[in-house]
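All remarks here apply to the structure that follows.
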């Protein structure tokens with residue numbers, strides 16, 4: 001007997017849906033379970049049954065639809081978004097732009113022929129070439145105004161071979177992969193909020209010069225961080241970057257910045273492209289002058305090129321953006337200074353008050369080493385408009401503290417002793433890798449044992465030195481802890497600082 005007008009038999013439960021069933025198997029099983037209740041006469045639930053085939057088709061469709069539904073929901077929130085494009089647009093809602101790749105900078109030492117007479121001009125755009133460990137060449141350029149020096153007035157430099165040169169100590173250079181000049185960006189149609197993409201990437205921030213010809217010849221337009229504060233008559237534009245690090249030039253809408261007048265190929269750009277960690281070259285690797293400079297005999301970088309960074313990782317941006325949004329880009333607390341330094345290009349930053357109006361900001365560039373003069377000047381300029389009016393920002397080098405680890409390694413019988421030893425030493429060095437340590441870090445001896453004992457072929461290990469001193473002193477602290485000062489960063493000791501002097505067991509080569 002059925003209830004009239006309902007099409008449902010007495011005693012039957014209403015349709016129930018388990019909303020946790022979201023994959024193919026769960027949906028299939030859920031529908032077959034419902035079929036057993038509603039259609040008891042259907043007893044053949046084998047894979048070859050036509051009804052089962054239809055159920056599986058609907059389950060497949062449901063699996064696909066629910067997958068996209070979950071993805072859409074996940075991409076709508078900053079901490080669950082996986083697509084870089086989604087994160088870019090979500091951060092843009094709070095005025096935060098993902099940090100683009102940044103170029104490395106270096107300070108070069110130039111040696112001139114002591115017999116060179118008169119003055120020598122190092123032109124703006126002078127190029128020097130360095131070589132990375134993978135034999136990939138990296139180009140560096142002198143980007144400042146022409147520099148005129150008189151070699152005869154420079155201090156003497158004596159090489160170990162006894163040769164004399166005239167030495168110029170510091171020439172700041174920037175990693176530049178390519179110089180783009182007078183690129184046709186597009187043709188304006190006179191409409192509001194026009195957007196054009198630059199052909200090369202990644203754009204080096206601050207290097208873009210944009211001209212628009214509105215009939216009276218090319219005119220330089222000014223780049224703004226945002227057009228929100230521009231008037232409708234201002235010749236302003238802003239630069240936005242997408243998930244692929246392509247740079248887009250965007251003009252105003254007539255209310256915030258003016259749109260350019262109609263014209264054919266009337267928007268042109270000149271800019272530099274480059275950046276990334278591959279520019280963080282070791283000392284004495286930038287040695288080839290590309291531009292001819294009279295009297296120049298040798299060139300090198302005494303300190304590591306630093307500051308080169310890849311595009312900002314999504315996880316870092318998701319953690320940093322809300323904090324910067326709350327401070328509205330101003331530097332008041334120590335945390336504000338650190339966040340701004342990290343967003344601008346520092347890999348590690350630590351700030352503290354050193355007086356009623358003085359802030360000490362310790363900066364470690366990407367790749368380790370010390371910040372170049374160029375990076376310090378650019379960071380100081382970046383903070384100039386964000387600090388409190390009367391405050392003085394002192395940007396300082398970090399203090400690197402070496403850690404020495406020595407011991408005895410016991411190797412299983414059927415493993416090559418030299419190979420296991422190398423893996424053990426590498427494991428300790430990885431613990432002290434620049435990307436894994438912090439200012440004022442704390443290192444535990446137990447972590448050293450843990451890293452070494454996880455290596456296949458290690459039977460046991462005895463650490464006999466775990467110290468910041470190469471010899472003497474207390475070889476292993478009683479509490480198994482190395483603590484570092486406020487401005488210190490731990491690093492692996494020199495070449496022989498991490499070693500297992502004695503290896504017992506294993507096989508020879």
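The figures follow:
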quantity	calculated
Viscosity 0.890 mPa s, temperature 25 °C, Stokes-Einstein D of the chain from Kirkwood C-alpha radius, µm²/s	86
Difference of contour (0.36 nm per residue) and Cα-Cα distance, residue 446 to residue 195	84.8 nm
The range 329-397: relative contact order in percent, alpha carbon pairs under 8 Å with at least 6 residues between	34
Cα-based shape type of the range 14-74, given that a ≥ b ≥ c are square roots of the gyration tensor eigenvalues and the cut on a/c is 1.5	oblate
Gain on full stretching of the segment that runs from residue 408 to residue 476 - 0.36 nm per residue minus C-alpha separation	23.1 nm
Estimated FRET transfer efficiency when R0 is 45 angstrom, pair residue 315-residue 373 (beta carbons, to 0.05)	0.90
Volume per residue that the Cα convex hull of the range 295-441 spans, once the total is divided by residue count, Å³	196
Euclidean distance of C-alpha centroids, the range 17-76 and the range 129-208, integer Å	61
Between helix 314-327 and the chain: long-axis angle, C-alpha atoms, 0 to 90°, nearest 10	80
Projected label distance in nm at residue 264 and residue 469, using a 7 Å step from Cα toward the beta-carbon	8.1
Distance between modelled label sites at residue 76 and residue 284, nm, 7 Å Cα→Cβ extension	6.0
In degrees, nearest ten, helix 24-38 long axis to first principal axis of the chain (Cα)	10
Cα-only Debye scattering, the range 153-237: base-10 log of I(q)/I(0) at q = 0.25 Å⁻¹	-1.43
Proxy reagent accessibility, fewest Cβ within 10 Å first, across 446, 372, 86	446, 86, 372
Estimated FRET transfer efficiency (residue 485, residue 136; beta-carbon r; R0 35 Å; 0.05)	0.40
Length added when fully stretched, residue 226-residue 83, from 0.36 nm per residue minus Cα-Cα	49.0 nm
Order of 42, 356, 221 under a 10 Å beta carbon neighbour criterion, fewest first	356, 42, 221
Bins of 10 Å, starting at 0 and running to the largest distance - Cα pair percent for the range 329-397	23, 61, 16, 1
Cα centroid of the range 318-380 to Cα centroid of the range 97-125, whole Å	26
Tilt relative to the chain, helix 373-384 - C-alpha long axis, 0 to 90 degrees, to 10	60
Inter-centroid distance (Cα atoms) of the range 431-509 relative to the range 391-413, Å	9
Mean residue ellipticity (222 nm) of the chain, computed from DSSP H runs ≥ 4 via -39,500 (n - 2.57), nearest 500	-7000 deg cm²/dmol
Rounded D (µm²/s) - the range 209-269, Kirkwood Rh over Cα pairs, Stokes-Einstein at 37 °C, 0.692 mPa s	275
Projected label distance in nm at residue 121 and residue 50, using a 7 Å step from Cα toward the beta-carbon	9.1
Per-bin percent of Cα-Cα distances, the range 182-333 [10 Å]	9, 28, 28, 21, 12, 1
P(r), alpha carbons of the range 400-507 - 5 Å bins starting at zero, rounded %	2, 13, 24, 24, 18, 10, 5, 2, 0, 0
Amide N proximity, the range 387-416 versus residue 380 label position 7 Å along Cα-to-Cβ, cut-off under 16 Å	387, 391-398
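We did not get these values from a lab; they are worked out from the coordinates using the rules stated. All figures in this text were calculated on a predicted structure; none of them were measured in a lab. Don't worry about glycine lacking a Cβ; one is built from the backbone with ideal geometry, like all the others, and counts go over all protein chains shown.
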